[in-house]
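Q: Encoded as structure tokens, here's the structure I'll be asking about.
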Amino acid sequence: MILVKGMLACVLILLGTEVQAELQIEINQGVENPTPVAIVPFSWQGVGSAPDDVAQIIDSDLARSGQFAPVSRRDMLSFPNRESEMYFRDWRAISAEYVLIGRVSVGSQARIDFQLFDTNRQVAVDQGTITGPEGELRMLAHRVSDAVYETLTGISGAFATRILYVSVTRNPSGKDFYRLTLADSDGRRPIVLLESRDPILSPAWSPDGQEVAYVSFETSRPAIYRQNLRTGQREQLTNFQGLNNSPAWSPDGNSMALVLSKDGNPDIYLLNLKSRALTRLTRHFAIDTEPTWMPDGKSLLFTSDRGGRPQIYRYDLRTQKIKRVTFEGLFNARARVAQDGRNVALVHQREGRYHIAVFDLVTDRLTVLTETSLDESPSIAPNGSIVLYATKRGEDSILGAVAVDGGVRFSLPSREGSVQEPAWSPYVTP
Amino acid sequence: MNKLTFYAKLSSLVFAAALLAACSGNDTKEQEAAAEAAAVEQEAAQQAAAAAASEKQARVEAQQVLETAASDMGTVFYFDFDSSSLTDEARAQVDAHIAALMGNNASVRLEGHTDERGTREYNLALGERRANAVRDYMVANGVPGYRIESISYGEENPVAYGSGESNWQQNRRVELK
């Protein structure tokens with residue numbers, strides 16, 4: 001309980017403080033002709049100066065998507081905050097196809113009013129008001145980014161989401177130092193959920209985004225834990241002999257798929273989170289691991305080397321039948337399914353190199369997305385557009401991101417040490 | 001009293017005295033014999049104890065030799081890529097540890113590790129395969145299974161942080177603790 005209270009206090013302190021990001025963002029590749037868009041500085045009405053530059057947050061979000069080329073503020077000829085202040089010629093002159101303007105005010109709640117204009121058609125194509133707690137102003141700005149992104153691309157944005165990752169500080173003369181961290185999708189506002197001298201891995205989200213599960217070796221043996229992000233309440237779920245890993249929450253939130261080797265070798269089990277009943281799903285002398293749910297909750301994908309080499313298999317919960325899914329190459333592992341139930345991100349080995357690939361469950365087509373050679377732990381954004389993963393740069397692990405269509409890439413190296421095991425949150429109802 | 005009666009009484013007294021004397025003479029000899037026997041016994045016991053002690057000492061020394069030999073063989077056993085089979089070298093190392101474990105009651109922990117290639121959770125399973133390969137070999141050679149705990153760290157806690165075979169081969173290992 002002391003630990004739990006300590007963590008809660010830590011979370012509360014950090015929530016109220018602007019913390020420098022641990023992760024940096026490097027955009028490596030965007031689309032060929034990104035759309036020029038101007039994000040005009042928003043006006044501020046509140047006590048003191050604005051705690052965050054809302055327009056800058058939106059600007060960075062759109063730039064990171066690789067699909068937009070935000071116009072520099074130095075090139076702007078005017079700084080409108082209202083429609084009446086908009087002169088389209090100022091924007092056509094600098095070739096901005098779209099202009100976003102807005103106002104931020106803080107009273108009992110923070111409020112952002114925004115309007116998005118098409119400079120060619122000279123009309124507003126989107127407008128809205130977003131409100132929320134003042135301490136969450138950055139998240140409100142990301143919600144404006146989501147709205148703008150959806151209007152301009154037709155795809156839901158995933159900026160107002162969060163990520164989990166594990167950072168590791170190397171210690172050549174002793175035990176490495178592990179931290180499980182929660183941050184906004186842009187890497188900002190990191191909050192440490194757990195620190196340990198022993199490994200932490202496999203962070204996973206509950207479908208409502210309120211809880212996380214992970215594996216920690218803190219007892220000198222692996223065990224699966226769940227932790228509530230609001231209350232800090234933490235619970236050890238498994239403590240079996242052998243492996244306890246790969247927790248995967250079912251889409252309805254009622255059960256968790258996991259891997260145990262207590263019966264001799266690694267198999268997939270289902271833990272009912274209410275009754276605590278444990279059901280064994282696979283029964284094979286080979287390695288069965290890395291379970292992940294199809295979005296409809298009716299079947300699971302998992303990795304198995306029952307065919308001699310690791311490949312992806314599908315377990316149907318109703319028929320209890322197992323069917324092999326991937327056949328291309330000698331190594332396909334650790335699948336994660338997009339919300340459309342069609343695209344599967346996985347680790348694919350080609351010529352001894354491990355890449356992130358996308359496998360299409362409808363066409364059975366496998367497309368390699370990355371060129372680096374030690375890629376692992378893919379996690380798909382809730383809008384299905386970007387895969388976040390871990391790769392190696394020198395002796396350190398860094399996070400990488402690549403669009404599912406391969407067009408956009410960016411990296412999120414840590415300012416210090418390694419970052420690995422990213423897990424992108426589901427959409428959370430604000 | 002008549003003379004006969006007197007002599008009779010006297011003779012019986014003498015007899016009794018003689019008898020007494022004879023009896024008391026026998027008793028002393030027996031005591032001496034017993035004491036002698038006890039001394040012999042004690043000496044034998046002392047010799048036996050000394051022999052046992054020296055035998056025990058020899059056993060302790062022999063066990064120490066085995067344990068030193070085992071520790072000289074190292075407590076880290078390396079594996080080939082994608083393999084959980086003991087190499088000849090690893091087998092020789094583990095043999096030395098088995099010899100030491102047969103003579104003591106120590107419990108051991110076998111920690112399986114992999115290199116960084118592949119996925120973390122699959123590597124946990126591969127690391128467990130390696131630890132279990134060492135455990136199974138020990139059990140097959142007489143070490144009771146309850147004295148062995150095997151655990152896998154997969155690619156966590158590498159010895160060498162870099163990439164490339166020279167680093168990877170140092171990380172594909174089972175550590176005996």
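The values are calculated or read from the model by the stated rules, or taken from the named source; none is laboratory data. Just so it is clear, the structure is predicted and the values come from calculations on it, not from any experiment. So basically every Cβ, Gly included, is an ideal-geometry build from the backbone, and we count neighbours across all protein chains shown. When the accessible area is computed, the model is the full protein with side chains, heavy atoms only, and any ligands, DNA or RNA have been set aside. Shrake-Rupley method; radii C 1.70, N 1.55, O 1.52, S 1.80 Å.
Q: To the nearest 10 degrees, how steeply does helix A:54-64 sit against the main Cα axis of chain A, on a 0 to 90 scale?
A: Between helix and principal axis, roughly 50 degrees.
Q: So, one more: Going toward the positive end of the dipole of the range A:183-424, with +1 on Lys and Arg Cβ and -1 on Asp and Glu Cβ, which of A:P207, A:L258, A:I191 do you reach last?
A: A:L258
Q: Over the protein assembly as shown, with the other protein chains present, what is the accessible area per residue in square angstrom, probe 1.4 angstrom?
A: 47 Å²
Q: Could you tell me the largest-minus-smallest coordinate of the C-alpha atoms of the range A:34-153 on each of the three principal axes, in descending order and whole angstroms?
A: Result, largest extent first: 39, 28, 24 Å.
Q: When ranked by the protection proxy of mean other Cβ atoms within 10 Å per residue, highest first, what sequence do the peptides B:136-146, A:236-246 form?
A: With the highest mean Cβ count within 10 Å placed first, the list reads A:236-246, B:136-146.
Q: Note down the accessible area of A:E371, probe 1.4 Å, to the nearest 10 Å².
A: Per-residue accessible area (A:E371): approximately 140 Å².
Q: Each residue of the range A:387-401 in turn: what ³J(HN,Hα) in whole Hz from Karplus with 6.51, -1.76, 1.60 and θ = phi - 60°, glycine and Pro shown as x?
A: Coupling constants for the range A:387-401: 9, 9, 8, 10, 9, 10, 9, x, 8, 9, 8, 10, 8, x, 9 Hz.
Q: What is the extension gain from A:S72 to A:T169, computed as 0.36 nm multiplied by their sequence separation minus the C-alpha to C-alpha distance, in nm to one decimal?
A: 31.3 nm
Q: Assuming 0.36 nm per residue, please report the length gained on full extension of the stretch A:R197 to A:E416 beyond their Cα-Cα distance.
A: In short, 77.1 nm is gained.
Q: Here's a follow-up. In the full protein assembly as shown, how much of A:K298 is accessible to a 1.4 Å probe, in Å² to the nearest 10?
A: So the heavy atoms of A:K298 present about 140 Å² to solvent.
Q: For peptide A:192-204, compute the average count of partner chain beta-carbon atoms within 10 Å of each residue's beta-carbon.
A: 2
Q: B plus A alone minus the pair: what accessible area, both sides summed, probe 1.4 Å, in Å² to 100?
A: Counting protein atoms only, the buried area is about 2900 Å².
Q: For the pairs A:K262/A:K323; A:K323/B:K177; A:K175/A:K262; A:K274/A:K392; A:K175/A:K392, flag any whose C-alpha to C-alpha distance is greater than 30 Å.
A: A:K323/B:K177; A:K274/A:K392
Q: How large is the helix-only mean residue ellipticity at 222 nm for the protein assembly as shown, computed as the sum of -39500 (n - 2.57) over DSSP H runs with n ≥ 4, divided by its residue count, in deg cm²/dmol to the nearest 500?
A: -9000 deg cm²/dmol, from helical runs alone.
Q: Here is a further query. Residues of B:146-158, mean number of Cβ from any other protein chain within 10 Å of their own Cβ, rounded to a whole number?
A: 4
Q: Taking a temperature of 10 °C and a viscosity of 1.306 mPa s, what whole-number D in µm²/s does Stokes-Einstein yield for the range A:183-424 with Rh from Kirkwood over alpha carbon pairs?
A: Reported coefficient: 87 µm²/s.
Q: Mind ranking A:D252, A:D360 by accessible surface for me, highest first, 1.4 Å probe?
A: Solvent-accessible surface, decreasing: A:D252, A:D360.
Q: Computed FRET efficiency, Cβ-Cβ of A:V362 and A:I155, R0 22 Å: what is it to the nearest 0.05?
A: Calculated transfer efficiency: 0.75.
Q: Remind me, relative contact order of chain A in percent, using alpha carbon pairs under 8 angstrom and six or more residues apart?
A: 13 percent
Q: Only Cα pairs under 8 Å and at least 6 apart count here; give the relative contact order of the range A:34-153 as a rounded whole percent.
A: 27 percent
Q: Based only on the alpha carbon positions, what is the Kirkwood hydrodynamic radius of chain A, in angstrom?
A: Hydrodynamic radius (Kirkwood, Cα pairs) of chain A is 22.9 Å.
Q: Considering only protein heavy atoms and a 1.4 Å probe, what is the carbon-and-sulfur percentage of the accessible area of the protein assembly as shown?
A: Of the solvent-accessible surface of the protein assembly as shown, carbon and sulfur hold 51 percent.
Q: Could I have the simple spin-label model distance between A:R89 and A:L278, label points 7 Å from Cα toward Cβ, reported in nm to one decimal?
A: Those two pseudo-labels are separated by 7.6 nm.
Q: Taking the Cα centre of the range A:292-361 as the origin, how large is its charge dipole in debye, to the nearest 20, when only Lys and Arg (+1) and Asp and Glu (-1) carry charge on their Cβ atoms?
A: My answer is approximately 200 debye.
Q: Something else about it: Suppose every Lys and Arg Cβ carries +1 and every Asp and Glu Cβ carries -1, with no other charges. What dipole size does the protein assembly as shown come out with about its Cα centre, to the nearest 20 debye?
A: 1280 debye
Q: Could you size up the charge dipole of the range A:104-181 around its Cα centre, putting +1 on the beta carbon of Lys and Arg and -1 on that of Asp and Glu, and report it in debye to the nearest 20?
A: 440 debye
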